[in-house]
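**Student:** I am attaching a structure below and will ask some questions about it afterwards.
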Amino acid sequence: MAELDPQALVLAVARMLRRDGWRVLPPSAHDVPHLAARDGRGRLLDVVFRPVAEPLPDEEETCSCRSRARSGPRVRLVVHRGTFSRRDEVWAARQGRTYLMDGARLRLWARGTPLAELAGPGGRPGGKTGRPSSD
């Protein structure tokens, strides 16, 4: 995963999402690398790729597909091949339904561990913290 260029990383994450039962939505003309996917329960997963958890200024408005309203509960997954800082973890926890996929978790996901086991409390994305459950 560490050797993939940004576009190849996006494609790899799309494949892993499909493997885990998410329907990756058809890509729009993306101005920034990200993916959108839906699960069987109608949740929308917005996957962003960046080295810090917090969005860049005006990031939400920079991609043409984000300006279109999408319905359903939204969960955000921030993918970074490195390590997130404590500040990033605090930011994600405050956001709610925001999960951080760092390099270590990304490698586990690529090896077959389901996203549901890596992303959130209760074994699925959609909880209130940015860290996996310890229960």
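**Student:** Long-range amide H contacts for VAL79: which residues qualify at under 5 Å (H placed 1.01 Å from N, peptide plane, sequence gap of 5 or more or a different chain)?
**Tutor:** Long-range HN contacts for VAL79: VAL48, PHE49, ARG50, MET101.
**Student:** If you add up the charges near TRP109, with Lys and Arg at +1 and Asp and Glu at -1, over every other residue whose beta carbon is less than 10 angstrom from its beta carbon, what do you get?
**Tutor:** That works out to +2.
Each value in this text was obtained by applying a stated rule to the coordinates, not by laboratory testing. The structure displayed is predicted, hence computed values, not measured ones. In this analysis, Cβ positions are derived from the backbone assuming ideal geometry, glycine residues included, and neighbour counts consider all displayed protein chains.
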